[in-house]
Every structure is written in C-alpha cells, then in structure tokens.
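S.K.: Attaching a single structure in structure tokens format; questions to follow.
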RNA sequence: CGGGGCGUAGUGUAGUAGCAGCACGAGUCUUUCGGGAAGAUUUAGCCCGAGUGCAAAUCUCGGCGCCCCGACCA
C-alpha cells in the first residue's frame with residue numbers, strides 16, 4: 001500500500017481527553033476513530049491489524065473443530081424471556097413501530113442453543129462446535145480505556161455441545177490450549193495467564209485469560225510457581241493461596257481479561273429442553289460450554305503491551321504490514337529504486353507499506369514510521385544508493401544494518 | 001449509577017464580561033529533503049438552548065458530550 005494514498009492522516013498530538021495508551025496511539029496513527037464513548041470505527045491501517053487477529057483466531061478455532069456461522073444481532077424478546085435474561089442490565093432493548101420488542105445481542109446462548117437443537121437428535125450428532133466472529137452490544141455504564149471496554153465490539157464466541165460432562169471437560173481443555181496459541185501468536189504469550197474466576201451458579205469456577213499490563217482494569221493474584229492467576233472475586237474463598245500448590249506468596253498484578261471460558265453444563269440446554277438419545281435410546285440433556293474473545297480488546301491489549309515513547313510496536317503476526325519502505329529524497333534514482341523494491345516485495349508476497357510521500361522530511365517519515373510500528377523499516381535514499389544498499393532497522397532494535405541491493409531477496413527469506 | 005475534571009479551528013492551546021489570538025495541520029508557490037524543514041500566501045473555531053446584562057467564549061440555569069476514580073461487568 002502506498003502511504004500517499006491512505007485517506008487518514010497522522011496526528012502529531014493525541015486528543016487531550018484520551019489518556020489510555022491504546023486510544024492515544026491508535027487514534028494518532030489513524031488506526032481507529034472514536035464515534036462516541038466505547039464505539040469505534042476501524043480505519044484502513046487498524047482494520048489490517050484487526051483482520052490479522054481475526055484470522056489467527058479463526059485458524060486456531062477451526063483447528064479444534066469449530067464451524068463458523070453468523071448469527072443475527074437482532075433478537076426477539078421471547079427467547080430472552082425464556083431464560084429470564086430479558087431484563088439483563090447490559091442489554092440494549094428496542095421497539096419497532098408496532099411496539100414489538102427486540103434486543104441487540106450482547107451474547108448468543110439464547111440464539112445458538114435452539115439453533116443447534118434443531119439439528120441434533122442422537123448421540124451420533126454430538127459433539128457440535130459452532131462459533132462466530134461478530135458484533136456484540138452491551139450497555140456499559142462506563143466505557144473506557146479506548147478499545148478495552150466498548151459498548152459495541154466484535155467478539156469471537158464459540159459454543160460447544162456435548163453428550164456428557166466428560167466430553168465437555170476434554171473439549172474445554174482443548175480450548176484452553178487453542179487460546180494460549182492465539183495469545184502467543186498475538187504477541188501476548190509470556191504475559192497472559194490462565195486465571196480462576198467465579199463460575200456463577202452452574203460450576204465452581206470459570207477461567208479467564210489475563211494479560212499482565214499496567215493499564216489493566218483487573219487485579220489478579222498470580223502464583224509464580226504454577227503460572228496460575230486467581231481473580232480477586234474468589235481469592236477470599238481460596239484463603240489467599242494458590243489452589244494448585246498452596247503457595248501463599250501470590251503477586252498482585254494489574255491485568256486485562258482477554259478471554260473467558262465457561263462450562264455452562266445444562267444451564268441453557270435445560271431451559272430450551274435440548275436433549276438427545278444415547279446408545280441405549282435414553283433421553284439425556286446436552287452439556288454446553290461457551291468461550292469468548294473480544295477482538296477489539298485484544299487489539300488494544302497488544303498496543304498496551306507493546307509500545308514505547310515513540311509509538312506502537314506490532315508483534316510480527318498482527319502487524320498491518322511486514323515492511324515499511326521509506327523513500328528519502330526526490331532524485332529520480334532514489335525514486336525508481338524505491339519503486340522497484342516496492343514492486344519486488346509485493347511480487348514476493350511481502351506486505352509492504354511504501355512511504356512514497358513527497359514534501360515530508362526524513363524526520364517526519366521516521367517519526368511516523370515509529371508511531372505506526374511496523375516490524376521492519378527499510379530506507380532507500382541517496383546515501384544508501386551510493387553504497388548499492390538499502391538500510392534495515394527493526395522497530396524493536398536501535399541497530400541499523402545495510403544490505404546490498406543484490407542480497408535483498410535472500411535477506412527477506 | 002455515585003464522585004471528580006472538562007468542552008474555543010482538523011489537533012493542541014491563550015483569552016474569566018469589551019475587536020477570538022497563537023502553534024501545528026491542511027491548500028497554493030518557491031527553496032529544501034537522514035530524526036517532527038524555511039519563506040510567501042490562503043484556510044478554518046467559542047458544544048446546544050434559555051436567562052442576566054449596554055455588551056457573554058467568559059456569569060446563571062438546563063441539556064448534550066468526552067475523560068478519570070469507584071460501583072457494575074453470566
């Protein structure tokens with residue numbers, strides 16, 4: 001992509017009312033735009049990152065058998081009355097001109113459970129794993145911290161249906177592993193910890209995936225021996241010690257909840273009378289699990305975890321581009337070499353943002369490149385041309401390397 | 001929902017009753033081009049409504065909106 005053609009512009013200063021790092025950097029760099037509190041537009045650069053995250057999640061959920069669907073956002077009142085959640089405080093409710101009532105989906109158990117029930121009769125039809133990547137609407141009283149807590153946000157929600165609890169348990173463990181792969185690939189691996197949280201009425205605990213960062217709105221008690229977090233809601237119940245090893249020296253850390261998994265068991269399948277016939281022809285209730293990841297929050301968390309005073313530092317797999325090619329100077333030689341490298345990189349399938357802009361000083365280009373945070377910066381200028389080279393610098397490092405133009409193809413492989 | 005802060009141009013800021021100013025950005029031209037260029041020139045603003053007053057960005061009331069702390073977040 002040519003930087004001269006991107007319709008957004010980079011702001012030298014952050015809007016003064018944004019204090020959170022993710023909001024400041026993402027807005028300044030033109031990755032997102034705020035429509036109102038907790039509601040954001042994703043702009044070209046931000047959407048590239050968003051799609052990378054989306055694809056990582058899709059791949060890992062497909063790997064554990066997930067089948068992707070797209071459920072409606074507009075829901076009828078009746079289904080929510082059935083589970084007693086019509087009055088849920090986070091739900092947006094609306095009426096049409098005939099005074100019929102609807103809601104905007106803040107979660108999808110009420111939709112997916114009767115849906116899957118339609119197709120499942122026998123134990124042979126189970127298990128079923130369905131997921132979607134789609135908008136959720138939640139009437140948050142206090143949206144905050146940029147992308148970290150939204151009123152409208154995209155979530156990956158996976159629902160699993162099983163013949164018995166044992167099968168639910170084993171799938172639940174698979175999801176844990178898939179989640180860790182997702183966070184690893186998003187560059188949050190070493191900072192993300194499985195955390196025990198309250199399970200509600202249907203199971204003792206649920207699990208959260210908490211990423212340690214100073215911007216966190218949660219606090220977890222971390223057992224460094226087991227790499228297990230304990231949510232503060234339940235730390236009293238656990239007598240302030242690690243339930244795995246009994247360690248009492250827990251570290252209190254600020255963290256962001258990037259994922260959450262629940263064993264719902266029969267909580268919703270019972271309400272919708274979702275049963276199947278087992279091998280003996282006996283009717284049994286279906287067991288259910290649900291598993292969520294908020295994509296925007298994940299993107300915001302990556303920014304919170306990877307930045308410096310100059311800007312964002314995207315982990316390789318979620319970066320909007322692999323290479324930021326910068327042209328300095330307007331001579332024909334520099335221009336044509338930069339153009340050629342731009343074309344060559346694209347031919348090789350390397351995603352490249354090409355700063356072809358004129359009338360920008362080198363300093364501005366570097367400063368903006370640092371803000372955008374693409375992993376590898378490549379500079380073509382009079383200086384490098386004389387040396388038959390281009391200059392390479394990783395966003396994470398200060399060291400600058402000169403690479404001979406002829407060696408470029410090998411270097412990039 | 002409780003508490004606090006705030007709302008002046010695209011962004012940042014000055015102006016607290018008397019001509020709405022500055023910087024950056026953006027446009028045009030020229031010169032520049034390795035860490036946020038120079039000159040010339042142009043552009044653009046008091047969140048909304050009501051009130052007080054000769055006069056309101058400024059005071060009063062109401063509304064809307066944003067940020068932060070807390071509560072809430074199966």
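The values are calculated or read from the model by the stated rules, or taken from the named source; none is laboratory data. Here the structure is a predicted model, which means the values were calculated and not measured. Positions of Cβ are backbone-derived with ideal geometry, glycine not excepted, and every protein chain shown enters the neighbour counts.
S.K.: Has segment A:80-93 got at least one residue that is under 28 Å from residue A:49 (Cβ atoms), part of a loop (DSSP other than H, G, I, E, B) and within 16 Å of RNA strand B (Cβ to nearest atom)? Give the steps one after another, and end with the answer.
M.R.: Here is the first cut: in segment A:80-93, the residues under 28 Å from residue A:49 (Cβ atoms) are A:90, A:92.
Within this subset, residues satisfying the condition of being part of a loop (DSSP other than H, G, I, E, B) are A:90.
Adding the requirement that they be within 16 Å of RNA strand B (Cβ to nearest atom) leaves A:90.
Yes; the residues of segment A:80-93 include at least one that is under 28 Å from residue A:49 (Cβ atoms), part of a loop (DSSP other than H, G, I, E, B) and within 16 Å of RNA strand B (Cβ to nearest atom).
S.K.: Which residue out of A:197, A:215 is near RNA strand B (Cβ under 10 Å from one of its atoms) and either crowded, with 22+ Cβ neighbours inside 10 Å or outside the structural domain of residue A:271 (by TED's automatic domain parsing) (or both)?
M.R.: Answer to the check: A:197.
S.K.: For segment A:393-410: of the residues being under 31 Å from the mean Cα position of the chain (by Cα) and more than 10 Å from RNA strand B (Cβ to nearest atom), which is nearest to residue A:353 (Cα to Cα)? Give the derivation first.
M.R.: Our first condition is that a residue be under 31 Å from the mean Cα position of the chain (by Cα); within segment A:393-410, this holds for A:393-399.
Applying the additional criterion that residues be more than 10 Å from RNA strand B (Cβ to nearest atom) yields A:394, A:396-397, A:399.
Numbers: A:394: 15, A:396: 18, A:397: 19, A:399: 21 Å.
Here the answer is A:394.
S.K.: Looking at A:383, A:360, can you tell me which residue is out of contact with any strand residue (DSSP E or B) (no Cβ under 9 Å at 6 or more places or on another chain) and not assigned by TED's automatic domain parsing to the domain that holds residue A:26? If you could, list the steps in order and put the result at the bottom.
M.R.: Values: A:383 fails: out of contact with any strand residue (DSSP E or B) (no Cβ under 9 Å at 6 or more places or on another chain).
Being out of contact with any strand residue (DSSP E or B) (no Cβ under 9 Å at 6 or more places or on another chain) and not assigned by TED's automatic domain parsing to the domain that holds residue A:26 holds for just one of A:383, A:360, which is A:360.
S.K.: I need the full set of residues from segment A:94-111 which are touching a residue at least 12 places away in the same chain (Cβ under 8 Å) and not in a helix (DSSP H, G or I), in order please.
M.R.: Across segment A:94-111, the qualifying residues are A:100, A:101, A:102, A:103, A:104, A:105, A:106, A:107, A:108.
S.K.: Is it fair to say residue A:28 is within 16 Å of RNA strand B (Cβ to nearest atom), more than 23 Å from the chain's Cα centre (by Cα) and surrounded by 14 or more Cβ atoms within 10 Å (Cβ to Cβ)? Write out each step before concluding.
M.R.: Values: within 16 Å of RNA strand B (Cβ to nearest atom): yes; more than 23 Å from the chain's Cα centre (by Cα): no; surrounded by 14 or more Cβ atoms within 10 Å (Cβ to Cβ): yes.
No; evaluated as a whole, the condition is false for this residue.
S.K.: Next up: Search segment A:396-411 for residues that are within 16 Å of residue A:310 (Cβ to Cβ) and not assigned by TED's automatic domain parsing to the domain that holds residue A:375 and pair each with any residue that is away from RNA strand B (no atom under 11 Å from the Cβ) and in a helix (DSSP H, G or I) when their beta-carbon atoms are under 6 Å apart and the residues are at least 6 apart or on different chains.
M.R.: Listed by first residue and then by second, the contacts come to nothing, as the list is empty.
S.K.: Might you check whether a residue that is over 26 Å from the mean Cα position of the chain (by Cα) and within 30 Å of residue A:388 (Cα to Cα) occurs anywhere in segment A:319-326?
M.R.: Checked against the condition, which is being over 26 Å from the mean Cα position of the chain (by Cα) and within 30 Å of residue A:388 (Cα to Cα), segment A:319-326 yields at least one hit.
S.K.: Would you mind finding the one in A:408, A:376, A:332 that is over 20 Å from residue A:10 (Cβ atoms) and surrounded by 18 or more Cβ atoms within 10 Å (Cβ to Cβ)? Write out each step before concluding.
M.R.: Details: A:376 fails: over 20 Å from residue A:10 (Cβ atoms); A:332 fails: surrounded by 18 or more Cβ atoms within 10 Å (Cβ to Cβ).
Residue meeting the stated conditions: A:408.
One line per residue, one yes/no per condition, for (1) more than 30 Å from residue A:279 (Cβ to Cβ); (2) assigned by TED's automatic domain parsing to the domain that holds residue A:267; (3) within 15 Å of RNA strand B (Cβ to nearest atom); (4) modelled with pLDDT under 95:
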site	(1), (2), (3), (4)
A:78	yes, yes, no, no
A:98	yes, yes, no, yes
A:106	yes, yes, yes, no
A:113	no, yes, yes, no
A:116	no, yes, no, no
A:119	no, yes, no, no
A:122	no, yes, no, no
A:132	yes, yes, yes, no
A:137	yes, yes, yes, no
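S.K.: Additional query: Check off (1) more than 16 Å from RNA strand B (Cβ to nearest atom); (2) surrounded by fewer than 19 Cβ atoms within 10 Å (Cβ to Cβ); (3) in a helix (DSSP H, G or I) for residue A:302 and give me the number that stays unchecked.
M.R.: Status for residue A:302: all satisfied but (2).
S.K.: Can I ask one more? Can you confirm whether residue A:378 is over 28 Å from residue A:20 (Cα atoms), under 29 Å from the mean Cα position of the chain (by Cα) and at pLDDT 95 or above? Don't jump to the end; show me each part of the working.
M.R.: Working: over 28 Å from residue A:20 (Cα atoms): yes; under 29 Å from the mean Cα position of the chain (by Cα): yes; at pLDDT 95 or above: yes.
Answer is yes for this residue.
S.K.: Hey, does segment A:42-54 have a residue that's surrounded by 15 or more Cβ atoms within 10 Å (Cβ to Cβ), modelled with pLDDT of 95 or more and closer than 30 Å to residue A:168 by Cβ?
M.R.: The answer is yes, given that some residue of segment A:42-54 is surrounded by 15 or more Cβ atoms within 10 Å (Cβ to Cβ), modelled with pLDDT of 95 or more and closer than 30 Å to residue A:168 by Cβ.
S.K.: Considering segment A:150-190 alone, what residues qualify as being over 30 Å from residue A:35 (Cβ atoms), in contact with a helix residue (DSSP H, G or I) (Cβ under 6 Å, 6 or more places away or on another chain) and not in a helix (DSSP H, G or I)?
M.R.: Those that are over 30 Å from residue A:35 (Cβ atoms), in contact with a helix residue (DSSP H, G or I) (Cβ under 6 Å, 6 or more places away or on another chain) and not in a helix (DSSP H, G or I): A:160, A:161, A:162, A:163.
S.K.: With the condition being within 15 Å of RNA strand B (Cβ to nearest atom), I'd like the strands (runs of 3 or more DSSP E) fully within segment A:225-297 carrying at least 1 qualifying residues. Steps first, answer last, please.
M.R.: Working: elements: A:228-231, A:251-265, A:275-277, A:283-285, A:287-294.
Filter on segment A:225-297 gives A:228-231, A:251-265, A:287-294.
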